[in-house]
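Computed from the coordinates by the stated procedures, all read-outs in this text should not be read as laboratory data. Just so you know, these numbers come straight off a predicted model, no measurement behind them. Neighbour counts are summed over all protein chains in view; Cβ atoms, including those assigned to glycine, are modelled from backbone coordinates with ideal geometry.
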Amino acid sequence: MIQLDDIDKNILNLIQLDFPLDVHPFEKMSFQLGISEEELLERMDRLKEEGAVRRIGPVINTKRVGGISTLVALKAPGSKIDEIAELINQHQEVSHNYLRQADYNIWFTVSAANKERLEQIINDLQEETGCPLIDLPTKRLFKIGVKFDVK
Amino acid sequence: MSNDNVVMDEADTRLLKLTQDGIPFVHSPFAMISEELGMTEEEVVHRIEQLQKNGFIRRFGASIGHRAIGITANAMCTWNVPDERVEEVGAVMAGFTEVTHCYERPRYPDWPYNLFTMVHSYTRKDCEYVAQEISRATGITDYKLLYSVREFKKTGVRL
């Protein structure tokens, strides 16, 4: 785990929801943070290197760009977990994939351009893995606002 | 408000493809993209604002490696909520700051849980505490905390 000082924490809290849309966003941010742009860029590089920042970019709204996504839970036998996770990961349309402690132990999200393609991927995965799975598409969305409060 | 009739043009799609892996951390991070798209950096920034305004992107900002900074407890709490209470209970759950996502999803014969909340925190104890608070606030007592034990993959949604 990386060591963060107060400035790092302020940076991490700022770049999630309040990254300035500007031709020179880091310069603008550096004014807000009270440090030089040079120092900010050095800190950004370090935060990236150490895994605290994955990327700064667009968070795409799949549904709005015409796509469709779902959450799938799958029951993999303990001895085959790695192999099955790898089979799932090989699909480019899989964006998140986690091992969880439960009967349904592998949980992943799939996004595709349309419903037919999504069903195709789920059918393929059922065949490839031979494991029981349930398809859990969103029926209603109450909140999606990932912001990690860095303390 | 987002306007659902607006569609993305080809330049928008290219702009998203050029930025979805992340912009460089430099003084002018949109310079190369503006050259590729044959427009000014101001236009690139304006287009991003429009993409956000029209709902094609939820935001333009950082994805955090929450594990690297110690937010390692990540619980998917699943709740068995009577169908007629979903609207009300979902709204209460979404109001908790520790809850980053809240969705209603279908039930199955061996899966009775229809509301899903993601809770991220520093320790499992924190997650358990949040779940107890949610249970107290909503009166829903049939729930499960599914901790992630490993991350096999995490990329953003890509075009």
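From the list A:121, A:106, A:88, A:81, which residue is over 28 Å from residue B:14 (Cβ atoms) and more than 17 Å from the chain's Cα centre (by Cα)?
A:81
Against the definition (in contact with a Pro (Cβ under 9 Å, 6 or more places away or on another chain) and among the small types (Gly, Ala, Ser)), how does residue A:69 come out, yes or no?
Yes.
Identify the single condition in (1) more than 7 Å from every other protein chain (Cβ to nearest Cβ); (2) in contact with a helix residue (DSSP H, G or I) (Cβ under 8 Å, 6 or more places away or on another chain) that residue A:66 does not satisfy, given that it satisfies every other one.
Among (1) more than 7 Å from every other protein chain (Cβ to nearest Cβ); (2) in contact with a helix residue (DSSP H, G or I) (Cβ under 8 Å, 6 or more places away or on another chain), the lone unmet condition for residue A:66 is (2).
Of everything in segment B:81-136, what is within 8 Å of chain A (Cβ to nearest Cβ) and of a type in the set (Lys, Arg)? Give them in sequence order.
Of everything in segment B:81-136, just one residue is within 8 Å of chain A (Cβ to nearest Cβ) and of a type in the set (Lys, Arg), namely B:105.
Any residue in segment A:113-139 that's farther than 15 Å from residue A:62 by Cα: show its pairings with residues that are of a type in the set (Ser, Thr, Tyr) and not in a loop (DSSP other than H, G, I, E, B) at Cβ separation under 7 Å, as long as the two are six or more apart or on different chains.
Listed by first residue and then by second, the contacts come to A:134/B:108; A:135/A:70; A:136/A:70.
When the residues of segment B:1-23 are narrowed to those that are surrounded by fewer than 18 Cβ atoms within 10 Å (Cβ to Cβ) and within 9 Å of another protein chain (Cβ to nearest Cβ), which ends up farthest from residue A:37 (Cα to Cα)?
Restricting to residues being surrounded by fewer than 18 Cβ atoms within 10 Å (Cβ to Cβ) and within 9 Å of another protein chain (Cβ to nearest Cβ), the top hit is B:4.
Taking only segment B:35-66 into account, find how many residues are closer than 29 Å to residue A:46 by Cα and either outside any helix (DSSP H, G or I) or more than 9 Å from every other protein chain (Cβ to nearest Cβ) (or both).
12
Consider segment A:82-118. How many of its residues are farther than 21 Å from residue B:110 by Cα, of a type outside the set (Gly, Ala, Ser) and not in a strand (DSSP E or B)?
16
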